[in-house]
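See below for the structure under consideration.
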C-alpha cells in the first residue's frame, strides 16, 4: 500500500499516542501526516503535552480511522528523528489556511519528523 496516496484520498481522523519517560500515556487528535519521503513523515505541533512526551521518549503510534462502516484504517509505529521550531516549512505544509482562533502558544510551533518503523 502506498501510504502517501492513501492519506491523500482517505477521509477520517487520526490520533497520535505518546508516552513520557515513565510510561504515562497521552493521546491527541492529529491531522494526517505530511509525507516527506516513503519512510519519513512530519507533524505540525504546538509545545504541549505530546511535544513534551516526545522530548523524553521518541516513540509514538499514529492511528488513522477511516470514515465509513466497519473498522478500516492504518496504524503507524513511528520514532522521532528531529524537530524544527517555527520552521519555514510549516506555512507551506499546513492544510488549513484559516487563522487559528485559540490563544497563541508562547512555546512556538514545531515541525516534528518521524521515521516509520512499522505499518
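What follows is calculated from the coordinates using simple rules that are stated; it is not laboratory data. Everything numeric in this text was worked out from a predicted model, so none of it was measured. Here the Cβ is made from the backbone with ideal geometry for all residues, glycine too, and neighbour counts use every protein chain on show.
Diagonalising the gyration tensor over the Cα atoms of segment 31-75 and scaling each eigenvalue by 5 before taking the square root yields semi-axes of 23, 14, 10 Å, largest first. Eigenvalues of the alpha-carbon gyration tensor of the chain, scaled by 5 and square-rooted, set the equivalent ellipsoid semi-axes at 21, 18, 15 angstrom, largest first.
In what sequence do 31, 37, 9 fall when counting other Cβ within 10 Å, fewest first? Each step should come with its number before you reach the end.
Details: 31 15, 37 9, 9 6.
Lowest to highest Cβ neighbour count: 9, 37, 31.
For segment 13-100, relative contact order (Cα pairs under 8 Å, six or more residues apart, normalised by length) works out to 27 percent.
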